[in-house]
Structures are given as structure tokens and as C-alpha cells.
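Visitor: The structure under discussion is supplied below as C-alpha cells; questions concerning it will follow.
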6 protein chains.
Amino acid sequence: MVYLTRIEHFNAAHKLYNPSWTPEQNEQVFGKCANENWHGHNYELYVTIKGMPNPDTGFLFDVKKLSSIIQREVLEHLDHKNLNLDVPFMQGKMCSTEVLAIAIWDQLAPHLPEEVQLHCIKLYETPRIYVEYFGVTR
Amino acid sequence: MVYLTRIEHFNAAHKLYNPSWTPEQNEQVFGKCANENWHGHNYELYVTIKGMPNPDTGFLFDVKKLSSIIQREVLEHLDHKNLNLDVPFMQGKMCSTEVLAIAIWDQLAPHLPEEVQLHCIKLYETPRIYVEYFGVTR
Amino acid sequence: MVYLTRIEHFNAAHKLYNPSWTPEQNEQVFGKCANENWHGHNYELYVTIKGMPNPDTGFLFDVKKLSSIIQREVLEHLDHKNLNLDVPFMQGKMCSTEVLAIAIWDQLAPHLPEEVQLHCIKLYETPRIYVEYFGVTR
Amino acid sequence: MVYLTRIEHFNAAHKLYNPSWTPEQNEQVFGKCANENWHGHNYELYVTIKGMPNPDTGFLFDVKKLSSIIQREVLEHLDHKNLNLDVPFMQGKMCSTEVLAIAIWDQLAPHLPEEVQLHCIKLYETPRIYVEYFGVTR
Amino acid sequence: MVYLTRIEHFNAAHKLYNPSWTPEQNEQVFGKCANENWHGHNYELYVTIKGMPNPDTGFLFDVKKLSSIIQREVLEHLDHKNLNLDVPFMQGKMCSTEVLAIAIWDQLAPHLPEEVQLHCIKLYETPRIYVEYFGVTR
Amino acid sequence: MVYLTRIEHFNAAHKLYNPSWTPEQNEQVFGKCANENWHGHNYELYVTIKGMPNPDTGFLFDVKKLSSIIQREVLEHLDHKNLNLDVPFMQGKMCSTEVLAIAIWDQLAPHLPEEVQLHCIKLYETPRIYVEYFGVTR
């Protein structure tokens, strides 16, 4: 078993805001992250898959194909978007890095080929904060 | 003469949008950067000052004081903000990295003490794009 | 279950020195790391916690609060200090990165709230050397 | 149990090429990575060992000795080499990062002292692609 | 006047080898960099242009267009290639980073639009070695 | 004219302390950087030289030789040392990054061969603070 990681990048706007709370509650809990006019980040996304290398290619999976799948299923929906307003799979969810990492897993996992398993979604929100998610079965 | 650089960080939302153009023109020129719902970045800000070290301290200027001035005059206005909507010194300007770097210079330069000169504002918009501005006199 | 990591920074002096050995033994084992006049490092500290995100906030735990706890319980004692001389929780211990990582775990774990678990202390001593510690129960 | 990681660097040329296939098949599967005149990379190699720190030294293992073993058993054979042509332990193997990481494990593990266990070989091929291998027993 | 930098990446094989010398001379001068079977690198290419921002766009130059020009005029010829064998504009030249940086300048400069000037080609050969070239007029 | 930069690394202890002041004055000016028991840093040293590439080698100067000269004339005196106590060329000087960068220039410049000129000493004290020095003639 080997683990292969591809690192991708996207930029997005968001705010941390619970719509069932008052603005005052939101500001008390989320501080400047609740700015009603949004703020944003350069997100670094690490996608790790696991499996056995194919003896004919030496590949667990062709990393260019992995990158294309991430592009189509994830980045297309997130890059240069507003996470709260523009992203169908984030509707009705809090836009924290934790929730976004889980949503990226759920979005990506069904589109990977059978011979590989998604192992980890790691998501940097800033150079000093990141979240990792390993799926529900771990 | 020595050059001292302090690196700071801020997050912000913005869009590239010329309000005197139609939405179609904006999208044609700026592509996904014109997304009406905004996107955002982790900006890395390099502030370089120059001068002679003080023989009593060995300092060109106390970097903690430099950091405080940057915080008060620049980051307080930019961090976790919407560059198009929330920032007085960006009003009526295009929110490109080029224009933002010049605006940060103009905002910061008057607040530095006489014994130091501002030399360069360097601003990373993404890990692969940055702008440098050395003032009008160079 | 998600994992949230906050990266912090501190600077410190230390030496690798076993006081029950002769200076010659220390130099033989530790080489230039035993320099009696100390040397030092910029340490990068990765603190990883794990748990379930709170549905109201989307947070495993507020990363600003996590940062405050690390600051108060760990960095306050280590930053700009001499690890051998100034740090109560390193007294009588070897000042290796391995031992320091374990000591940081023991110092931090009791001060985290019940709903989160400390998962990993990762400590870079130089850009090319780091130690990870996952606690005694793993 | 603590984990200690040493990061090393080497440069090498390689191509992805299955000699039992036609050139057309190779180009179809590997694209420009199959360029018959080779291409190359700066590889970053992370070697992680695990064990208990020695109470006399505070060390899991002397990282300078670890670095010497990696140098002698691994880097000496890979640095500034052609992975397909020059490396005895890659003969008859596909030169993918997956296969190379496994080969480095097999090359290094027998030369580590008994008190430490090899835990992980992590190998960056580019700043955006890396492979991890934890041995056959995991 | 502002300066805008775009960072790009390519991988290539090369060797340092003067064909008018004997193999022994080459090995004496270039050491393992003269390995007849090649070695290779991940090159990081920083392209800096300078000029005045356009008041309608805020752009010195559209960085996506800059990236396309670099891709077409430079990376297309270098990425996943052998610098000594595959690159027309390196024929008959030594494949050092110094010479390659100058060749990239000569290759790129004629294809930039009139309103911008090429300011600097900066080329990392490894994370610890880079070359900068500012053209002949400076 | 091309510019070639080699990046080196050293670790050292120091304190910011003016011996002609009282301890109170030192603490007032330097804060925790004046800790009498020292603190320390991982310094990153960028040495930039300039000149014309040699047509026979393509080299401005052999970077391995440059590295050896830096090692012998600079790092040998600084690495794993106490900058205030152990370094002959820092005696009687304030141990700021500004002063250290100038001292490294003065230490290194006389030992470079005639065909190259020292252009810049750039010294990172932490990942967020660096100093550049270009010599007295600029």
C-alpha cells in the first residue's frame, strides 16, 4: 500500500456566519471572520489516495488524471467563488475549514476509480491553519 | 545603508471590476476574477525600509515598532475585509495587486519615523504572483 | 472526526548536555550541539487536535482560542528563553527536540477543553529536522 | 514512542517508460514523462523513524548519524544520477515516485540500528506531488 | 512604475559538460554534475516585468496572459525536456543555470507587448541555488 | 552581468544587549530579546555574487566552491555558536541582524576570487524578518 498526494490551489471568499443567530451573536463568536462584506483566502488542498501500484506503470494512479478529476469535481465549483453564495454543495452549511474539508471529501470520493481509495483531504486556510479529514470509516 | 524587511499577513475578499464597464466587459477582461459575489486571498506583505543602523542598538529600526505601525496603519484596514467595499483608501480604485501595493505605500510612508525611509512594498496575492513598488522617486 | 492544526513559532537557546557526563563525553556524543555557550533555533510548533465539528459554528474548536491557550501555557514559557535554564517544565530533562515535544504535550493537554483531544505535537528544530509525539495512549 | 524525521535532498534524471511497450503506448500512457531523452527532478526525501528516546541523550537516534546512513545507503546511489540507468536497486523497475519510495525503504531499512524502526519514506517529486510508504507490515 | 512577477515551474534533465574537453577534464571541473547519463531538476522560474498600471484595469499586464506567453515561448520548449539535447535555443551552449537564465530572457523578451518591459529572469535550480539576469542594458 | 545566489543555514544563540546600559535600559529597549540567558535562531544566509559567466563552463563561479568559502570563512565561526561570546568578528558589536549581515560581508568579501564581486548579503533571522546589505559602495 502506498499513499499518493496531489496538492492543488484555489481562491475563495467566505464569511463565518450562522444565519439563525443575530449579527451580534455572530460577531461575538466569529469576530472579524463574520464581516458581512466577506473576506477570503488562498486555500491549499492536499488530496491523498491509497492503493497498490500497478506493475505495468509503477503508478498507484496517474497523477494527471487525479488532478483532472479534482479540477472538474472540486475546483471548478470553488475557485474564485464565494463559498457561502456560489457553491451548491456548501448550501445550508457553515463555511468553516472543517466543514469545507468534509464537503470536498464527499464531493470527490464518488468520482475516484475503484482501484484507489480516498485517504485524506487536507486543507490549508492560511499558512498557519489546516484541517485534515479521513472519512467516516476511520 | 542596510535594508530591513518585515513580512506580515492579511486575508481579504475582492473582485476585479470596473464599474464604468458593463458586466460583459468585466467578465471578458477579468474572467473569473470579476465574479460578482467576490473571491479572496491570503496576502503576504513585505515591507522594506532602509537607513543606517543606530550604533547604540544595532537596529536600523525596532522591528517590533515597525510591525506595530504596519498593523495600525495598514492591516487594521485590510485584514478580514472586502477590499472593494470596506477600505477607505481603496475607494474609487481598481482592486488589483498593483494598485493595492501603491495604496499601501501611500498609507504607510507618512507614518514612518524620519530616520528610516520606506524602500519597497512587495505584495503576494497568491504563492505564484507578486507585485513590488518602490515609490515615485525611483 | 476531523483534525485541526495550528502552527506557532518560538525562538530559544539551548545546548545538548548531560550534566552527569564529563565535558569530553558531552562533546563526543553531541558535538557542536554541546557548545557550552549555547546555540539556538527558530522552532515551528504544530498543535493538532481532533474531535467533531460543532454544528452551530462549523468549528472543531475556535482556532483563535486554541492559539491563546498555546500562547499562555507553552509559548510564554519558551519564546526568547534558554530551554536549559529558564523553563520550569524542562528542569532536569535533556533539551532534545524529542524531549521538548513530549514536555509541550504534557504542558498543553490538561488545558484543552473536554470536547477536543490533543492528537499530535509536531516540532521543527530546523527546516530539515522535526519530531512528532502522539501521547502515551497511542 | 516518538517519531523523528530527517529531510534530505537529491537531484536525478529519469523517464517513465515500460520497455515491454511500444514507444507509442508509452507516450499514450506517460505523455511527456516518457520523453526518450529524459527529464528530471529535485527530490525531497523525508525519512521518519520511531522509537523511545534514550534517557541519557534525549535522542531517539542521533540525527547526524541518521543523515550519514541515508547519505551512504541511499543518496550516494541516487544523487545526480539517472534513475533508469545508474541505480542498481532500480534495475528492472518502473521509475515512478511510488516505486522509488518503496525501493528507498528496502534499501535503507536493513541499515538502521535495532533500537529504531523505519516508519515512513515520504518522497516529493515536485512541490505539488509526493508519495508516502509505511512498509509492508502496516 | 510597478514590478509584477509570475512564478512558473518546469522539470528538465541536463548535464554540465563541455564537449571540447575530455571526459576527465569535465569530471574534474563539474564533478557529479557531469554524469554522462544526465541528472535533473525542478526549476522555479520567476519572470518580472515592469511598467505603469493601466488605469482602466489596475493591471500592469494581465498575469494570465503573461503566463500564457511564458508557457508558449519558454515552458513548451523546456518542460520535461533534456536541456542539452531537446532545446533549440540551448544548442551549442553550456547548460548552466546562468546560461539558461540568459537564454530564457532572449527567448521571452521579443514576445512581450510594447507597454511592458522585461525586468528580471530569476531561476532556481535547487531550493538553495538561483540566478538572476536583468538583461544587457542594465 | 548575472547574479548567482547560494543559500546557507546556521543556528546560533544571541541576545540584544548594550553593555554600557543598565539591565533596566536593555529590557526597556530590547524587551525579551535582552533575556540574560540568551535565546537563538535558525539563520538563513543568502550570498549573492555578480559577474560574467565563463564561456568554457557557463559558470559565473562554481557554486560548490562558493559554498566551501562561505563554510570556511563564515559558517565555521557562526554555526552552533553564541554570537555575543564565541565569534571573534562580532566582539564589541551589537548582535542585531543588521550588524551581523554587515560583519558577514566584511568577513567574506576578501576571500572571494577576483573575477566575482560580492553583491548582497541577505540574512533571515526568523521566517518573517530579514536584512539585506549591499556593501559600502552602493
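The values are calculated or read from the model by the stated rules, or taken from the named source; none is laboratory data. On a predicted model such as this, the values are computed, not experimentally measured, just so you know. Note that we place each Cβ from the backbone using ideal geometry, even for glycine, and neighbour counts take in every protein chain shown. Calculation scope for accessible area: heavy atoms of the full protein, side chains included, ligands and nucleic acids excluded. Shrake-Rupley method; radii C 1.70, N 1.55, O 1.52, S 1.80 Å.
Visitor: Having 1 or more residues that are open to solvent by 70 Å² or more (accessible area, probe 1.4 Å), out of contact with any helix residue (DSSP H, G or I) (no Cβ under 6 Å at 6 or more places or on another chain) and under 29 Å from D:GLU125 (Cβ atoms) is the bar; report the helices (runs of 4 or more DSSP H) wholly within the range E:1-112 that clear it.
Guide: Output list reads E:63-70.
Visitor: Next up: Give the range E:113-129 a look and list any residue that's open to solvent by less than 40 Å² (accessible area, probe 1.4 Å) and in contact (Cβ under 8 Å) with a residue 40 or more places away in the chain, or say none.
Guide: Result: E:PRO113, E:VAL116, E:LEU118, E:HIS119, E:CYS120, E:ILE121, E:LYS122, E:LEU123, E:TYR124, E:GLU125, E:THR126.
Visitor: Can you report the number of residues in the range C:105-137 which are of a type outside the set (Asp, Glu) and within 12 Å of chain D (Cβ to nearest Cβ)?
Guide: 17
Quick grid of which residues meet (1) among the polar types (S, T, N, Q); (2) farther than 19 Å from B:HIS119 by Cα; (3) facing another protein chain (nearest Cβ under 7 Å):
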{"residue": "B:ALA12", "(1), (2), (3)": "no, yes, yes"}
{"residue": "B:ASN18", "(1), (2), (3)": "yes, yes, yes"}
{"residue": "B:GLY40", "(1), (2), (3)": "no, yes, yes"}
{"residue": "B:LEU45", "(1), (2), (3)": "no, no, no"}
{"residue": "B:PHE59", "(1), (2), (3)": "no, no, yes"}
{"residue": "B:LEU85", "(1), (2), (3)": "no, yes, yes"}
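Visitor: Evaluate the following for C:GLY135: is it open to solvent by 60 Å² or more (accessible area, probe 1.4 Å) and at pLDDT 95 or above?
Guide: No: the conditions fail for C:GLY135.
Visitor: Give the residue that is nearest to the other protein chains (Cβ to nearest Cβ), with candidates limited to residues of the range E:90-104 that are closer than 24 Å to F:SER67 by Cα and not small (Gly, Ala, Ser).
Guide: E:MET94
Visitor: Only one of (1) at the interface with another protein chain (Cβ under 9 Å from one of its Cβ atoms); (2) free of Cβ contacts under 8 Å to residues at least 40 places away in the same chain; (3) not acidic (Asp, Glu) is not met by B:VAL63, so which one is it?
Guide: (2)
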